[in-house]
Amino acid sequence: MTATNQHLFADTKLLKVSLTSQTSKELPLSSTDFTHFLGGRGLGVKLVYDAVTPEIAPLSSDNLLVFAIGPLTATIAPTAGRTAIITKSPLTGTIFDSNVGGYFGPQLRRAGYAALIIEGRASSPVYLWINDGKIEFRSAKGIWGKEVSPSTDLILEKTDSKAQVACIGPAGENQVKLAAIMTDKHRAAGRGGVGAVMGSKNLKGVVVKGTQKVAVANTEQLDKVITRVRRLIKKDSITNKSLPVYGTPVLVNLANEYGLLPTHNFQEGTFNDAEGVSGEKLLERLFVKRYHCFGCPIGCGRISRAYDEEGGGPEYETLWALGPQCGINDLEWIAAANFRCNELGLDTISLGSTLGCAMELVQKGKLKAPLKFGETEGLMELIDDVALSHGLGAELGEGSKAFSTRYNAPELSMNVKGLELPAYDPRGVQGHALSYATSNRGGCHLRAYLIGPEILGSPVLVDRDRTEGKAGLVVLFQNLSAAMDSLVLCRFTTFAFTVEDYADLLAAATGLPIGGQELLRIGERIWNLERLFNLREGFSSKDDSLPPRFSTPLPEGGSRNRIAHLDEMLPEYYQLRGWDKKGQPTQTRLKKLNLA
Amino acid sequence: MPVTVEALAKLIDHTRLKPETKRAKIQELCEEALAYEFASVCINPVHVEYAAELLKGSSVDVCCVVGFPLGATMSEVKAFETKESIRKGATEVDMVINVGALRDENYDLVRSDIEAVVEAADGKIVKVILETGLLIDDQKRKGCILSKEAGAHFVKTSTGFGPMGATPDDVRLMRKTVGSKMGVKAAGGIRSFKDALRLIDAGATRLGTSSGVAIVEGYRWAGYSDAWLEPDKPCWTCPSRQASLGKQPKEVYLWYKERCVTCPHREQNIFND
């Protein structure tokens with residue numbers, strides 16, 4: 001495929017800013033980068049791969065921080081409002097993309113940019129103001145040190161109330177490795193410590209307003225595809241019923257029933273009080289209203305009330321991380337802790353997982369600290385300490401891998417490649433286990449969400465205990481997810497759309513002639529480039545592994561007696577990827593992908 | 001892929017039989033049937049006229065259920081329902097067999113009940129729903145034979161309101177009993193393309209489902225990986241797994257459960273997953 005400027009989006013510019021020199025310049029999006037990587041995650045990965053070499057430390061000024069949107073952003077395609085943030089992660093050392101909803105991405109697109117590339121470090125805290133083509137570096141004096149909501153309000157007050165802000169809280173300022181970048185006050189680019197990278201650059205926030213019209217190549221064709229995909233969203237029970245009614249917390253009871261709800265730091269897969277922290281209970285007790293990201297007909301977001309305070313969330317992963325993972329059954333406390341994390345700019349998954357790890361260290365007598373499974377006393381203050389990098393909080397802020405190693409029990413950290421695992425015990429879902437182990441950004445449920453077919457039956461139910469065929473499904477979903485993150489669309493669309501639908505949306509919006517197989521090939525290219533980055537950083541097949549705990553059977557519940565059978569799937573996975581036995585992409589495969 | 005996406009769609013009776021169905025849902029059903037080129041829309045008699053109007057001139061049939069869902073109305077009522085439905089535009093009729101009479105071995109009554117509908121249908125396709133979940137295998141076989149003798153065109157597994165949905169075991173048995181020239185419709189609990197393919201493989205020539213769109217759309221994924229079609233645990237598709245003492249006559253329930261004890265897959269029947 002060759003792109004020309006007639007292929008819409010190919011003519012969108014990249015904005016490169018140096019915080020060191022406080023200068024900016026516009027660069028063209030090369031047609032090759034567009035056709036090979038599209039935008040969003042793919043484009044960001046390419047930019048980071050080219051510029052960030054192994055000697056560049058994640059929190060050094062030479063690391064890049066890329067905000068990227070895709071060819072569907074701000075169009076009428078459903079869920080086309082997300083933003084990908086790409087960098088080298090201070091938590092994992094891998095390439096990392098963190099994806100966030102809200103309304104930031106469309107403003108960047110309307111300002112005329114496919115990506116914002118941030119390099120260098122400001123001599124004192126600043127925020128960046130992008131007002132269509134006008135770029136300003138403004139002092140963050142009076143904003144630095146403030147939490148996310150007041151920071152957002154202050155920045156908007158000083159710029160334009162119709163602009164959108166992506167900013168860090170105290171956690172990011174203190175370069176805590178669990179720090180998130182927040183948009184719309186409560187939507188988090190949570191994972192991997194991307195907020196710490198922003199903090200290391202002395203960048204408090206990016207505020208952007210765009211007024212340009214986003215054109216599409218073939219309006220009639222796009223309308224046709226949109227009619228179809230909207231109908232599919234309406235037909236699907238997950239996107240039309242479960243998510244709008246309960247949000248992602250609908251998964252609590254389901255995961256618990258299947259014995260997949262990690263409890264007490266993954267020591268068990270069922271939580272006795274799951275009902276009390278479920279989506280159903282959230283709806284009954286704390287629900288205020290739904291929240292929709294830009295252009296989203298699903299509306300899975302929640303606004304909740306806890307202790308007379310309103311805020312965004314909590315999502316399923318947060319309910320788990322600050323709930324069953326720590327043995328906590330107090331729903332209102334969990335919601336309030338989630339609000340606190342949003343204000344501090346903390347990733348709730350890694351935070352909760354690290355707290356659970358610390359609680360188990362205490363349980364096993366390896367750490368003396370006032371922490372106990374199920375008890376919330378003092379925990380809110382400890383969360384503040386994590387963000388402020390104080391005392392035990394500072395140690396916890398390094399993430400569970402470093403924390404458990406510090407106390408000579410690395411086996412108690414539930415991570416892959418340094419990233420804490422999310423809310424599904426892999427022992428009861430073999431494909432998802434493989435997905436965790438092979439994820440390029442570490443323990444993540446979103447690189448290939450095999451919970452879809454293995455538990456939810458989407459698009460069809462497959463035997464969750466079988467290992468045969470799972471490598472193929474993981475590869476398929478990893479490639480599709482990489483492509484989807486480059487368009488950029490929300491992962492929840494996969495419950496309703498087929499592969500061709502994504503290709504059809506892209507083709508109609510840009511004019512780029514593309515089908516499902518070509519789209520997957522782009523995803524595969526992105527996946528391999530991420531792999532090459534990680535190999536260059538010193539990662540190897542040894543890192544495609546799971547914590548030793550998952551070789552021990554779960555004692556009870558819906559996944560009792562099961563372990564993760566990674567060794568039965570990994571060789572086939574490498575083979576399907578076109579990688580050698582050491583997990584290195586072969587030259588033949590790289591040539592096919594135009595990466596050699 | 002064993003069949004094309006289009007061919008799979010052509011086997012589906014796009015179904016909406018819930019009592020709370022509003023006209024807007026019937027309209028949606030018909031629009032989807034036209035878009036996907038399903039075999040028919042399968043609806044309750046009160047919606048026939050409206051659906052026939054919406055589908056006029058298309059290749060999509062209007063299939064109407066009769067004596068539904070219990071099959072316990074009088075033959076005269078079933079015949080009247082059939083006649084009226086056809087007058088209003090139905091081109092296919094799915095009637096429920098007199099299940100009680102079949103279990104009573106009152107075969108003349110069962111046969112004449114079907115004959116009354118076949119006659120009232122005046123040459124239009126008649127499918128006979130056995131409600132297999134209320135029967136043991138010998139009764140299912142007898143129901144098939146009587147349906148064939150009475151001149152019906154299809155035998156059909158279930159209403160979707162009974163104790164069990166369609167299973168490959170039942171479809172296989174029905175196909176073997178009626179031979180290759182009579183139709184076999186699988187209906188009830190068909191929610192995914194994998195369910196659909198299993199039933200087609202067992203001998204079904206028509207599928208009744210309210211998940212037609214999901215089945216066809218889901219089937220598109222099969223073009224991207226063979227892994228979707230990896231076999232599942234045998235118990236997943238076994239009718240004995242679906243047996244329910246609360247919904248079935250005791251002797252029928254026990255008949256199903258006794259099969260588990262001698263099943264060659266019994267070693268795998270450990271936990272309910």
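The values are calculated or read from the model by the stated rules, or taken from the named source; none is laboratory data. In this text, all values refer to a predicted model and were calculated from it rather than measured experimentally. Glycine gets a Cβ as well: all are built from the backbone with ideal geometry, and neighbour counts include every protein chain shown.
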From the list A:Ala508, A:Ala496, A:Ala483, which residue is at pLDDT 95 or above and in contact with a Ser or Thr (Cβ under 8 Å, 6 or more places away or on another chain)?
A:Ala496
Among the residues in region A:267-274, are any aromatic (Phe, Trp, Tyr), at negative phi, out of contact with any Phe, Trp or Tyr (no Cβ under 6 Å at 6 or more places or on another chain) and modelled with pLDDT of 95 or more?
yes
So, in region A:475-498, how many residues would count as being at the interface with chain B (Cβ under 9 Å from one of its Cβ atoms) and either over 16 Å from the mean Cα position of the chain (by Cα) or in a loop (DSSP other than H, G, I, E, B) (or both)?
5
Report whether or not B:Gly160 is assigned to a loop (DSSP other than H, G, I, E, B), within 14 Å of chain A (Cβ to nearest Cβ) and on the phi > 0 side of the Ramachandran plot.
no
Mind telling me which of the residues A:Val100, A:Val66 ends up being assigned by TED's automatic domain parsing to the domain that holds A:Ile168, among the aliphatic types (A, V, I, L, M), farther than 30 Å from A:Asp223 by Cα and touching a residue at least 40 places away in the same chain (Cβ under 8 Å)?
A:Val66
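The rows are residues; the columns are (1) of a type in the set (A, V, I, L, M, F, W, C); (2) surrounded by 24 or more Cβ atoms within 10 Å (Cβ to Cβ).
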| position | (1), (2) |
| --- | --- |
| A:Phe96 | yes, yes |
| A:Gly102 | no, yes |
| A:Leu116 | yes, yes |
| A:Asn131 | no, no |
Free of Cβ contacts under 8 Å to residues at least 24 places away in the same chain, in contact with a strand residue (DSSP E or B) (Cβ under 9 Å, 6 or more places away or on another chain) and in a helix (DSSP H, G or I), is that true of B:Glu28?
yes
What are the residues in region A:132-171 that are out of contact with any Gly (no Cβ under 8 Å at 6 or more places or on another chain) and in contact (Cβ under 8 Å) with a residue 40 or more places away in the chain, if any?
A:Ile135, A:Phe137, A:Trp144, A:Ser149, A:Leu156, A:Thr159, A:Asp160, A:Lys162, A:Ala163
For the subset of region B:216-233 comprising residues that are modelled with pLDDT of 90 or more and under 23 Å from the mean Cα position of the chain (by Cα), which member is nearest to the other protein chains (Cβ to nearest Cβ)?
B:Gly218
With the checklist (1) of a type outside the set (D, E, K, R); (2) touching a residue at least 24 places away in the same chain (Cβ under 8 Å); (3) assigned to a helix (DSSP H, G or I) in hand, flag the one item B:Thr15 doesn't pass.
(3)
Residue, surrounded by the most Cβ atoms within 10 Å (Cβ to Cβ), within region A:46-82, restricted to residues that are part of a helix (DSSP H, G or I) and in contact with a strand residue (DSSP E or B) (Cβ under 8 Å, 6 or more places away or on another chain)
A:Val48
Of all residues making up region B:242-273, the number that are away from chain A (no Cβ under 14 Å), part of a helix (DSSP H, G or I), closer than 18 Å to B:Thr167 by Cβ and not hydrophobic (A, V, I, L, M, F, W, C)
7
Do we find that B:Trp236 is in contact with a helix residue (DSSP H, G or I) (Cβ under 7 Å, 6 or more places away or on another chain), hydrophobic (A, V, I, L, M, F, W, C), within 11 Å of chain A (Cβ to nearest Cβ) and part of a helix (DSSP H, G or I) in this structure?
no
I want to confirm something. Restricting to region A:454-474 and keeping residues that are more than 8 Å from chain B (Cβ to nearest Cβ) and among the β-branched types (Val, Ile, Thr), which single residue is surrounded by the fewest Cβ atoms within 10 Å (Cβ to Cβ)?
A:Thr467
Which ones in region A:192-226 are in a helix (DSSP H, G or I), hydrophobic (A, V, I, L, M, F, W, C) and not assigned by TED's automatic domain parsing to the domain that holds A:Leu59?
A:Leu222, A:Val225, A:Ile226
Which residues, taken from region B:192-209, are surrounded by 19 or more Cβ atoms within 10 Å (Cβ to Cβ) and either within 11 Å of chain A (Cβ to nearest Cβ) or part of a helix (DSSP H, G or I) (or both)?
B:Ser192, B:Phe193, B:Lys194, B:Asp195, B:Ala196, B:Leu197, B:Arg198, B:Leu199, B:Ile200, B:Ala202
Yes or no: region A:433-453 includes at least one residue that is among the β-branched types (Val, Ile, Thr), surrounded by fewer than 24 Cβ atoms within 10 Å (Cβ to Cβ) and either away from every other protein chain (no Cβ under 14 Å) or within 19 Å of the chain's Cα centre (by Cα) (or both).
yes
Return the residue satisfying two criteria in turn: it lies in region A:98-113 and is in a strand (DSSP E or B) and within 29 Å of A:Gly313 (Cα to Cα), and of such residues it is farthest from the chain's Cα centre (by Cα).
A:Val100
Taking region A:178-191 and keeping residues over 19 Å from A:Ala140 (Cα atoms) and part of a loop (DSSP other than H, G, I, E, B) leaves A:Leu178, A:His186, A:Gly190
Of all the residues that make up region B:210-234, how many are buried (at least 18 other Cβ atoms within 10 Å of the Cβ), out of contact with any Leu (no Cβ under 6 Å at 6 or more places or on another chain) and more than 21 Å from B:Leu29 (Cα to Cα)?
3
Just one listed residue, out of A:Ala68, A:Ala114, A:Ala84, is farther than 23 Å from A:Ala171 by Cα and of a type in the set (A, V, I, L, M, F, W, C), and it is A:Ala114
Test for A:Gly523: is it within 14 Å of another protein chain (Cβ to nearest Cβ), crowded, with 21+ Cβ neighbours inside 10 Å and within 26 Å of the chain's Cα centre (by Cα)
yes
